[in-house]
Amino acid sequence: MHEPHDFQKNSLLGSLEEDELSRILPDLEKVNLTLGEALSESGGVMSHVYFPLDSIVSLLCVMEDGASTEIAVVGHEGVVGVSLFMGGETTPSRAIVQSAGEAYRLKGRLMKNEFYRAGAMQRMLLRYTQALLTQMAQTAVCNRHHSVDQQLCRWLLLSLDRIPGDELKMTQELIANMLGVRREGVTESAGKLQKAGLIDYRRGRITVTDRQGLEARVCECYEVVKREYDRLLEHDAVM
């Protein structure tokens, strides 16, 4: 059974017209995503797309030696599995659950059927894909040109935008893997933010205590990504 208005927790599902939602409703399956769970591997074909409700999924670029860097995060604003409906079928990135929670999933075949109807859902998904590409491009720029302090602020704010509340369950080692930097660099940057009263970090939990302070400290990359998501995914834009 689906909870009343449960779909509204995911912005894409919540923006669908009743007739579109009714077509996929019987096939949407609610699942629990656990921390560290892999939803897709590099080069693999996904069997489902995932619409996070209160979870976050990281898209990682993985190197031959096993090193990885996060290229985008997906939460309640989006969907994991763009390659399924864009025609590529596979992607070199890996999708890992960064923050545990719930999601709805839909079989890839059914998602493609809806996409190729060329209706409002297709337009919505294309706009979302454009926003996701913006995040990927801006992440690459940020990793190249901005300090670890700024990258950490960007990462924290993007993550907070995708979950309810102000707490993230995340170790410094995992954050370092996401940002593609040394753990010592994350430790130093997190210490600065905590000393400034912007975050409280203890035992794998990061609580943001001063969001405005983080926003004042972050580089322009966060605002570029946020503005593009807001522009492309407003309900009036996707109809």
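List of remarks:
Every residue, every condition in (1) within 30 Å of Phe7 (Cβ to Cβ); (2) not assigned by TED's automatic domain parsing to the domain that holds Met86, yes or no:
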{"position": "Glu114", "(1), (2)": "yes, no"}
{"position": "Met124", "(1), (2)": "yes, yes"}
{"position": "Tyr128", "(1), (2)": "yes, yes"}
{"position": "Ala140", "(1), (2)": "no, yes"}
{"position": "Cys153", "(1), (2)": "no, yes"}
{"position": "Leu156", "(1), (2)": "yes, yes"}
{"position": "Leu160", "(1), (2)": "yes, yes"}
{"position": "Ile163", "(1), (2)": "yes, yes"}
{"position": "Gly185", "(1), (2)": "no, yes"}
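- From the options Arg217, Arg211, Arg202, Arg231, residue that is out of contact with any Phe, Trp or Tyr (no Cβ under 7 Å at 6 or more places or on another chain) and at pLDDT below 90: Arg202
- Test: Gly191 is small (Gly, Ala, Ser), closer than 28 Å to Gly66 by Cβ and surrounded by fewer than 16 Cβ atoms within 10 Å (Cβ to Cβ): yes
- Residue check, Ala137 touching an Asp or Glu at 6+ places or on another chain (Cβ under 7 Å) and assigned to a helix (DSSP H, G or I): no
- Boolean, Arg94 is closer than 25 Å to Ile206 by Cα, of a type in the set (Lys, Arg), crowded, with 21+ Cβ neighbours inside 10 Å and in contact (Cβ under 8 Å) with a residue 12 or more places away in the chain: no
- A single entry from Asp19, Asp54 fulfils the requirement of being exposed (fewer than 15 other Cβ atoms within 10 Å of the Cβ) and not β-branched (Val, Ile, Thr): Asp19.
- Identification of helices (runs of 4 or more DSSP H) wholly contained in the stretch 4-96 with 1 or more residues that are β-branched (Val, Ile, Thr) and either over 23 Å from Tyr229 (Cα atoms) or modelled with pLDDT of 90 or more (or both) yields 18-24, 82-86.
- Selection within the stretch 193-207: residues that are touching a helix residue (DSSP H, G or I) at 6+ places or on another chain (Cβ under 6 Å) and hydrophobic (A, V, I, L, M, F, W, C). The member of this set that is nearest to Pro164 (Cα to Cα) is Ile199.
- Enumeration of residues in the stretch 92-144 that are in contact with a Cys (Cβ under 9 Å, 6 or more places away or on another chain) and hydroxyl-bearing (Ser, Thr, Tyr): Ser93, Thr139
The values are calculated or read from the model by the stated rules, or taken from the named source; none is laboratory data. These numbers were taken from a predicted model, which means no experiment stands behind them. So basically every Cβ, Gly included, is an ideal-geometry build from the backbone, and we count neighbours across all protein chains shown.
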